[in-house]
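Student: My structure is below; once you've seen it, I'll send some questions.
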Amino acid sequence: MSVAAEQGRICALAAKGQRDLAEVAAGYPDLFPAKPFDATLFGNVAMAIAFGAPWCEVAQLRLTNRAVLWGFALDWQVDHEAGSRDEIDRLAARCLAVADGAAPESGDSLGAFLAELRDELATVPAFAEYGHHWRQETDKVLTAMAREWTWKQIPDQLPGFEEYLDNADNLACTVVNVVHWIHTADPATLTHLDAMLTASDCVQRILRLVNDLGSYERDLRWGDLNALLLVPRAEVEQRIAELVAQARDLLAALRENCPVQADYLARQIGFSSGFYRSTDFWGVP
């Protein structure tokens, strides 16, 4: 009964997170069309964050959930709305200006949502010292998504598998972790933030490949890149196993000083490994 009670509490965290994401999306109808941004996607995001950090309260996960949602909005804008690399570069420039403190341009819903995230994150004292990490990770995500868009324009010249994996920032996992760590402001985590980022990037690569195994059919329908277009499944699975072993070593080294956040990263791997066996985040079949 106690195990079920704890799982129920985590599900409550997810339910409250889902409601908040739905409210956010309703405020930006042009940024979050009902398809593919449906209740399933909001619920999946909130579940992933709740199960990744079940020791947190709703208020501690609110900004983390919203950071994930912003990443999905960016992904949709780049992959399915943008018509040229020029358009993507202008979008990236607007977002980086907002990350640097500028007001969003008129009509720029993606920038406006990012400004909301920035302003709330900036209320945390740790932002003054560590906010530049968030800006750097945001830049990496924008660069990686633009790079993948360019790759997709030349289907007969796709990147090699390792080059594709090196572009895992397009998953926007580490940037969300930075938001979470700055917002929750655990002193030990912030002191060891560089090591946490190294571990997070390893986890991000694992999640990139686990995601690809689970979303292959949808990626084919949507015209997205996928590791299985580059190498056989067995090679992807072998690379995942290698990265998991590397992640275990990195997390073991972190446990002495940052045990909770080491668990946070480990739970991301575990949750995604189970989740992608039968579905993925996007709500459209």
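The values are calculated or read from the model by the stated rules, or taken from the named source; none is laboratory data. Since we're looking at a predicted model, the values are computed, not measured. Cβ sites come from the backbone with ideal geometry, for glycine too, and all protein chains shown count toward neighbours.
Student: Among the candidates A46, A26, single out the residue that is closer than 13 Å to T64 by Cα and either at pLDDT 95 or above or surrounded by 18 or more Cβ atoms within 10 Å (Cβ to Cβ) (or both).
Tutor: On the way: A26 fails: closer than 13 Å to T64 by Cα.
Selected residue: A46, the only one of A46, A26 that is closer than 13 Å to T64 by Cα and either at pLDDT 95 or above or surrounded by 18 or more Cβ atoms within 10 Å (Cβ to Cβ) (or both).
Rundown of residues vs (1) surrounded by 14 or more Cβ atoms within 10 Å (Cβ to Cβ); (2) in contact (Cβ under 8 Å) with a residue 12 or more places away in the chain; (3) within 23 Å of A262 (Cα to Cα), yes/no style:
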| position | (1), (2), (3) |
| --- | --- |
| R9 | no, yes, yes |
| A15 | yes, yes, no |
| C56 | yes, yes, yes |
| D75 | yes, yes, no |
| D108 | yes, yes, no |
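Student: Return the total of residues in region 141-169 being within 20 Å of the chain's Cα centre (by Cα), touching a residue at least 40 places away in the same chain (Cβ under 8 Å) and within 19 Å of A82 (Cβ to Cβ).
Tutor: Number of matching residues: 7.
Student: Is it the case that some residue within region 190-201 is closer than 17 Å to E162 by Cα, under 17 Å from the mean Cα position of the chain (by Cα) and at pLDDT 95 or above? Show your work before the answer.
Tutor: Let us first name the residues in region 190-201 that are closer than 17 Å to E162 by Cα, namely 201.
Narrowing further to those that are under 17 Å from the mean Cα position of the chain (by Cα): 201.
In the following step, the residues that additionally are at pLDDT 95 or above were identified as 201.
Looking for residues that are closer than 17 Å to E162 by Cα, under 17 Å from the mean Cα position of the chain (by Cα) and at pLDDT 95 or above, one finds at least one in region 190-201, hence yes.
Student: Tell me, which residue of region 1-59 that is part of a helix (DSSP H, G or I) and of a type in the set (F, W, Y) is farthest from Y264 (Cα to Cα)?
Tutor: Quick first cut of region 1-59, residues part of a helix (DSSP H, G or I) only: 2-27, 39-52, 58-59.
Narrowing further to those that are of a type in the set (F, W, Y): 42, 51.
On the way: F42: 20, F51: 9 Å.
Here the answer is F42.
Student: Can you tell me which condition A22 does not meet? The list is (1) in contact with a helix residue (DSSP H, G or I) (Cβ under 6 Å, 6 or more places away or on another chain); (2) within 30 Å of Q153 (Cβ to Cβ); (3) small (G, A, S); (4) free of Cβ contacts under 8 Å to residues at least 24 places away in the same chain, and all the others hold.
Tutor: All conditions are met except number (2).
Student: Name the residue that is surrounded by the fewest Cβ atoms within 10 Å (Cβ to Cβ), counting only residues in region 227-285 that are outside any helix (DSSP H, G or I) and among the acidic types (D, E).
Tutor: Filtering region 227-285 down to residues outside any helix (DSSP H, G or I) leaves 230-232, 255-258, 276-285.
The next check asks that each one be among the acidic types (D, E); those that pass are 256, 280.
Working: E256: 10, D280: 20.
Checked region 227-285; the qualifying residue surrounded by the fewest Cβ atoms within 10 Å (Cβ to Cβ) is E256.
Student: Here's something else I'd like to know. Would you pick out the residues in region 77-91 that are surrounded by fewer than 19 Cβ atoms within 10 Å (Cβ to Cβ) and not in a loop (DSSP other than H, G, I, E, B)?
Tutor: Residues of region 77-91 that are surrounded by fewer than 19 Cβ atoms within 10 Å (Cβ to Cβ), as a first pass: 77, 79-87, 89-90.
Matches in region 77-91: Q77, D79, H80, E81, R85, D86, E87, D89, R90.
Student: Looking only at region 97-109, count every residue that is part of a helix (DSSP H, G or I) and in contact with a helix residue (DSSP H, G or I) (Cβ under 6 Å, 6 or more places away or on another chain) and tell me the total.
Tutor: Here is the first cut: in region 97-109, the ones part of a helix (DSSP H, G or I) are 97-99, 109.
Retained after the next criterion (residues that are in contact with a helix residue (DSSP H, G or I) (Cβ under 6 Å, 6 or more places away or on another chain)): 98-99.
Here the count works out to 2.
Student: Would you mention how many residues in region 128-147 are among the hydrophobic types (A, V, I, L, M, F, W, C) and either in contact with a Ser or Thr (Cβ under 8 Å, 6 or more places away or on another chain) or surrounded by fewer than 20 Cβ atoms within 10 Å (Cβ to Cβ) (or both)? Give the steps one after another, and end with the answer.
Tutor: Keep residues of region 128-147 that are among the hydrophobic types (A, V, I, L, M, F, W, C), which gives 128, 134, 141-142, 144-146.
Checking which are either in contact with a Ser or Thr (Cβ under 8 Å, 6 or more places away or on another chain) or surrounded by fewer than 20 Cβ atoms within 10 Å (Cβ to Cβ) (or both) leaves us with 128, 144, 146.
The total comes to 3.
Student: Does D100 satisfy the criteria of being more than 17 Å from F72 (Cα to Cα), of a type in the set (D, E, K, R) and touching a Lys or Arg at 6+ places or on another chain (Cβ under 8 Å)?
Tutor: On the way: more than 17 Å from F72 (Cα to Cα): yes; of a type in the set (D, E, K, R): yes; touching a Lys or Arg at 6+ places or on another chain (Cβ under 8 Å): yes.
For D100, the condition - more than 17 Å from F72 (Cα to Cα), of a type in the set (D, E, K, R) and touching a Lys or Arg at 6+ places or on another chain (Cβ under 8 Å) - is met.
Student: For residues in region 202-218 being among the charged types (D, E, K, R) and either touching a helix residue (DSSP H, G or I) at 6+ places or on another chain (Cβ under 7 Å) or at pLDDT 95 or above (or both), which is surrounded by the fewest Cβ atoms within 10 Å (Cβ to Cβ)?
Tutor: Applying the first criterion (among the charged types (D, E, K, R)) to region 202-218 yields 205, 208, 212, 217-218.
Cutting the leftovers down to either touching a helix residue (DSSP H, G or I) at 6+ places or on another chain (Cβ under 7 Å) or at pLDDT 95 or above (or both) gives us 205, 208, 212.
On the way: R205: 24, R208: 21, D212: 25.
Top of the filtered list is R208.
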